[in-house]
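Right, one structure below, let's go through it.
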Amino acid sequence: MAFGPEVYATKAKTDVDVLYSFYSTVVRMKTDLAEIQRSQPTPFPPYQVALDDARLLSLLYQQEQIGIVITSPPYPNEKDYTRTTRLETVLLGYLKSKSDLRQLKEGLLRSNTRNVFVKDDDDRYVADIASVQAVAREIEAKRIELGKTSGFEQLYHRVTTLYFGGMYRHFASLMPHLRPGARCAYVVGDQQSFFRVHIATAQLLADVALKAGFKVEGIETWRNRFASATQRHIEENVLILRKPE
Ligand SMILES: C[S@@+](CC[C@H](N)C(=O)[O-])C[C@H]1O[C@@H](n2cnc3c(N)ncnc32)[C@H](O)[C@@H]1O
């Protein structure tokens, strides 16, 4: 298997011990879990797992207000999360038909052209955010300049505005469930999957969060990698937000 921009099958290798690699990863996960159980005071704090759309957060209505959010949402790139886990999803019986898959995709944030649908309109929430509109225009101008005409390429600028609009819906849905002064940390990476146009995800999300009523406390660098193709640093950041008191 290889990755770029999605998981795909590549030429078979004969000198890799796949089963051992799989086994040692599973053992490491098991050891980590055992270590956490040993080192944490028991009983564990109560927890809940919820199946929900982050743009709705409907399950939070029965809960107490939240003081801290730590998360990593999708980034606007060409990664289709339903593909990375397709095998397990089918083998474990979570998906039985094409319409099940479509339903799953419809509940996901639009972050890749494989899950854009004709009726999508999350982009309307960022129609008034100049920074987001500017990057979408730059992507579309680049497509025209390069003479790219495939269906997916024509959606690149649209998926960008749908992404930031979906994140606006998430921020706006989250706001009433937060305590005054609550803090949120979002790990997001810069992207350049769309004709190498640079998308400064954390900066743009900060503008989106401001519109939803958050204070932006800062953007911290989490990781940095140098992209040789474009000769620039691609950052992964933590965007820190606060609900006003
Ligand atoms: C960057 S990954 C982070 C995964 C995990 N939080 C971590 O840190 O390893 C983003 C995840 O968000 C999920 N996702 C996408 N849209 C979503 C939505 N509308 N509601 C909830 N989760 C969503 C994707 O399936 C993916 O697993």
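The values are calculated or read from the model by the stated rules, or taken from the named source; none is laboratory data. Quantities reported herein were computed from a predicted structural model and do not represent experimental measurements. So basically every Cβ, Gly included, is an ideal-geometry build from the backbone, and we count neighbours across all protein chains shown.
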Inset, instruction - With respect to Phe226, determine if the residue is at pLDDT below 95, outside any helix (DSSP H, G or I), at negative phi and touching a strand residue (DSSP E or B) at 6+ places or on another chain (Cβ under 9 Å). - result: yes
Inset, instruction - Scan the stretch 63-99 for residues that are among the small types (Gly, Ala, Ser) and part of a strand (DSSP E or B) and jot them down. - result: Gly67
Legend entry - Residue match in the stretch 12-30 (condition: over 25 Å from Val188 (Cβ atoms), within 15 Å of the ligand (Cβ to nearest atom) and either among the hydroxyl-bearing types (Ser, Thr, Tyr) or modelled with pLDDT under 95 (or both)): yes
Legend entry - Pairs, first touching a residue at least 60 places away in the same chain (Cβ under 8 Å) in the stretch 99-114, second within 13 Å of the ligand (Cβ to nearest atom) and assigned to a helix (DSSP H, G or I), C-beta under 6 Å, six or more apart: Leu109/Gly166
Legend entry - Count of residues meeting criterion [crowded, with 16+ Cβ neighbours inside 10 Å, of a type in the set (A, V, I, L, M, F, W, C) and within 11 Å of the ligand (Cβ to nearest atom)] in the stretch 67-102: 0
Legend entry - Candidates Arg137, Arg196, Arg183 - the one that is away from the ligand (no atom under 15 Å from the Cβ), at pLDDT below 95 and either surrounded by 14 or more Cβ atoms within 10 Å (Cβ to Cβ) or farther than 18 Å from Ser72 by Cα (or both): Arg196
Inset, instruction - Working carefully through the options Gly151, Gly213, find the one that is within 21 Å of Asp122 (Cα to Cα) and either in contact with a helix residue (DSSP H, G or I) (Cβ under 7 Å, 6 or more places away or on another chain) or within 16 Å of the ligand (Cβ to nearest atom) (or both). - result: Gly213
Legend entry - Answer from Arg110, Arg28, Arg102, Arg38 - the residue that is in a helix (DSSP H, G or I) and either under 30 Å from Tyr125 (Cβ atoms) or under 16 Å from the mean Cα position of the chain (by Cα) (or both): Arg102
Inset, instruction - Test Val132 against the criterion of being of a type in the set (A, V, I, L, M) and either within 16 Å of the ligand (Cβ to nearest atom) or part of a loop (DSSP other than H, G, I, E, B) (or both), and give yes or no. - result: no
Inset, instruction - Take the residues in the stretch 199-245 that are in contact with a His (Cβ under 8 Å, 6 or more places away or on another chain) and without any contact (Cβ under 8 Å) to a residue 12 or more places away in the chain, then tell me which one is surrounded by the fewest Cβ atoms within 10 Å (Cβ to Cβ). - result: Phe226
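Take Leu59 and decide whether it is surrounded by 12 or more Cβ atoms within 10 Å (Cβ to Cβ), within 15 Å of the ligand (Cβ to nearest atom), without any contact (Cβ under 8 Å) to a residue 12 or more places away in the chain and not hydroxyl-bearing (Ser, Thr, Tyr).
Judged against the criteria, Leu59 is a match.
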Inset, instruction - Report, by residue number, each residue of the stretch 103-129 that is acidic (Asp, Glu) and more than 13 Å from the ligand (Cβ to nearest atom). - result: Asp121, Asp123, Asp128
